[in-house]
Amino acid sequence: MESYIPISKLNDFIFCPMSLYFHSFYENYDQKLYHEKSQVEGKIKHENIEEGRYSTAKRFIQALPIYSQKYNLMGKIDIYDKEEKFLIERKNKVKKIYDGYRFQLWAQMFCLEEMGLEIKKLFIHSLSDNKRYEIEKPTGQNEFWLAQNIEKMKNFDLLNFNRDANLNKCARCIYRELCNQ
Ligand code: SF4
């Protein structure tokens, strides 16, 4: 039987297939050993805010486990606003909207829709400066791109990966010190 792919791993794969390898390799280690400071701070802040303003309001569903049978994906959403039908993902500090952010929300949206929930708008919320960025809903082409990447991930050949096509990402990769590609 085919198993579900965590959305976070597919996100890593889209950033760089090698980073998925490092993520999987180190995930059993203490995160503080290999996550950069800003990432650890973000995680702590994120967890603290879980207890904050969103948690008391009944209109917000938080940390809901989700899945899609169509795409074999699984994950967890951050916040779903039942009244507005908004899906919101909080990040510690957003300097730029990366494809990975879009992808994460799109994948979550497909899962929620398959589970029968309506999504009207998607947002990334930057916690450090309290800014909210609307993310466009996926087009048919975006959905096709998602399906293509899921297939690529299933068929990925680590030994034949060429980093040259990826060098602009290496500079901002948290695994750059470990990666001897
Ligand atoms: S350093 Fe570059 S090739 Fe290595 S995992 Fe990071 S992005 Fe990929």
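The figures follow:
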| quantity | calculated |
| --- | --- |
| Estimated FRET transfer efficiency when R0 is 30 angstrom, pair Phe25-Lys131 (beta carbons, to 0.05) | 0.30 |
| Out-of-range pairs (alpha-carbon distance over 21 Å; input Lys95/Lys169; Lys76/Lys96; Lys58/Lys96) | Lys76/Lys96; Lys58/Lys96 |
| Peptide ranges 81-90, 137-146 listed from the most packed, as the mean C-beta count within 10 angstrom indicates | 81-90, 137-146 |
| Computed label-point distance, nm, for sites Glu118 and Lys82 using a 7 Å Cα→Cβ extension | 1.5 nm |
| Whether the range 59-128 is rounded, prolate or oblate, judged on the alpha carbon gyration tensor where a/c under 1.5 counts as rounded | oblate |
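The numbers here are math on the coordinates, done by the rules we state, and not lab data. Everything numeric in this text was worked out from a predicted model, so none of it was measured. Note: ideal-geometry Cβ built from the backbone for every residue, glycine included; neighbour counts use all protein chains shown.
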